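Structure first, commentary second.
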Ligand SMILES: C[S@@+](CC[C@H](N)C(=O)[O-])C[C@H]1O[C@@H](n2cnc3c(N)ncnc32)[C@H](O)[C@@H]1O
């Protein structure tokens, strides 16, 4: 055994001990613990990007696999970004690079925590959306058998590297290059579906490819930085019922669900009035989620109490600012009164005691996808179709 192999095994064992001891739940399932102890993360993460603290816009420096300390980083409980803007890899960057993360190896505690939450049993067949580096795919293949794992990745280059890494590590699950929002009907039905990219709305093909009684674990997101991880049970073809889970989990959004590109917005005059809520409320973890439910095609820009909402569907705008007397005003323009909707939703949420996402649930039928607060008769909002 080489010195590197010994070190990697030691570091892997130490990471498993750390994840097992985590007071917030941790790696409690012995079968997932065995998978974590067996899968070599260094086979999946070579070069990566490290965020440069305080950089505006956020920039990253490339770290190459053989840089000093690389193996320790691979076995730290961190997300390692492996691609920016859907094309830039660490090896392509020559110094600090700005961009939006578009592929990564998600932090091991989250990957394993999600697998645990998916409630899989031996023999289950799983569809994974977002192969990424292939690390989570390898964990699934180790636990359930590679014949029971199908994984879809939209980016051909990312998919090719994952396929090579999986093969090197000794796993050959069924890999698909394509848009995971279409699922993979050829190998359906599945008992479980796990997505490591977020969606604005649940793709209906998933609800026909996962068998009734099967489960789907996915993060819902949007263009206002709101996130909610949900565990749904398929109740019939095209139908599901789910609850949102505790925690603060975010994922990069599925590429077809990303916001349309835009230039710097031109802010136009409109109707001005006093606001009923502090605009900074929509920067809160759940506040952002509620505002996004209320205005699902709007993008949020701005900081603190100076917020700007731009609606991609209608061009409507809303922008807030302090009024100089301890309150705030909002200027609204366009057919959608964005701020009226956000205020109504935030007020309903505050009336319920401002609970975390775990008090929300979702009901999906062929007619639509409704997120509700408390129970199905509580305040609710339709997701965009
Ligand atoms: C957070 S990474 C996945 C992490 C991965 N599970 C791992 O352990 O390395 C998200 C991945 O989802 C992929 N993705 C985004 N949109 C997708 C889509 N529509 N279908 C399939 N994959 C998609 C991205 O290219 C990216 O590689």
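No value in this document is a laboratory result; all are computed from the given coordinates. Predicted, not measured: the structure shown is a model, and the values here were computed from it. A quick note on method: Cβ atoms are made from the backbone with ideal geometry, for glycine too, and the neighbour counts reach across all protein chains shown.
The Kirkwood radius of the chain, taken over pairs of alpha-carbon atoms, gives through the Stokes-Einstein law at 37 °C and 0.692 mPa s a diffusion coefficient of 148 µm² s⁻¹.
Rounded to the nearest 0.05, the FRET efficiency derived from the C-beta distance between residue 272 and residue 225 at R0 = 25 Å is 0.45. The DSSP beta bridges internal to the chain are antiparallel in roughly 75% of cases.
By how many nm would the segment from residue 323 to residue 370 lengthen if fully extended, with 0.36 nm per residue of separation less the alpha-carbon distance? Walk me through the numbers before you get to the answer.
Working: separation 47, 0.36 × 47 = 16.92 nm, distance 3.56 nm.
Result for the pair: 13.4 nm of gain on full extension.
Given axes a ≥ b ≥ c from the Cα gyration tensor, I'd like to know whether segment 252-385 is rounded (a/c under 1.5), prolate (a/b larger than b/c) or oblate. Because a/c hits 1.5 or more and a/b fails to exceed b/c, segment 252-385 counts as oblate. With 0.36 nm allotted per residue and the present C-alpha distance subtracted, the residue 28-residue 146 stretch has 40.2 nm of extension available.
When peptides 22-35, 348-361, 125-138, 330-343 are sorted by average Cβ neighbour count within 10 Å, with the highest value leading, the order is 125-138, 330-343, 348-361, 22-35. With respect to the chain, whose longest principal axis is taken over its alpha-carbon atoms, helix 338-351 is tilted by about 70°. How far, in degrees from 0 to 90, does helix 156-169 lean away from the longest principal axis of the Cα atoms of the chain, to the nearest 10? Value to nearest ten degrees: 30.
Largest GNM mean-square fluctuation across 47, 271, 119, computed for the chain with C-alpha springs under 10 Å, falls on 271.
The share of Cα pairs per 10 Å bin across segment 108-255, counted from zero up to the longest distance, runs 12, 45, 36, 6, 0 percent.
Among DSSP beta bridges whose residues both lie in segment 108-255, state the antiparallel percentage, nearest 5.
So the antiparallel bridges in segment 108-255 amount to around 40 percent.
Measure nothing but the geometry: give the 0 to 90° angle between the long axis through the Cα atoms of 285-294 and the longest principal axis through the Cα atoms of the chain, rounded to 10°. For helix 285-294, the angle is close to 60 degrees. When each of the peptides 55-68, 188-201, 228-241 is scored by how many other beta carbons lie within 10 Å of its residues on average, the order from highest to lowest is 188-201, 228-241, 55-68.
Please sort 172-183, 101-112 by packing, taking for each peptide the average over its residues of neighbouring beta carbons within 10 angstrom, highest first. The partial results should precede the final answer.
On the way: 172-183: 18.8, 101-112: 21.2.
Ranking the peptides 172-183, 101-112 by packing returns 101-112, 172-183.
In the calculated pair-distance distribution of segment 1-145, the portion above 23 angstrom amounts to 39 percent of the Cα-Cα pairs. The mean sequence distance of close C-alpha pairs (under 8 Å, at least 6 residues apart), as a share of the length of the chain, puts its relative contact order at 10 percent. The distance from the alpha carbon centre of segment 215-250 to that of segment 67-100 is 28 Å, rounded to a whole number.
Remark: the residue 61-residue 172 segment gains 36.7 nm on full extension, using 0.36 nm per residue and subtracting the alpha carbon distance.
Spin-label model, residue 284/residue 72: points 7 Å from Cα along the beta carbon direction are separated by 4.0 nm.
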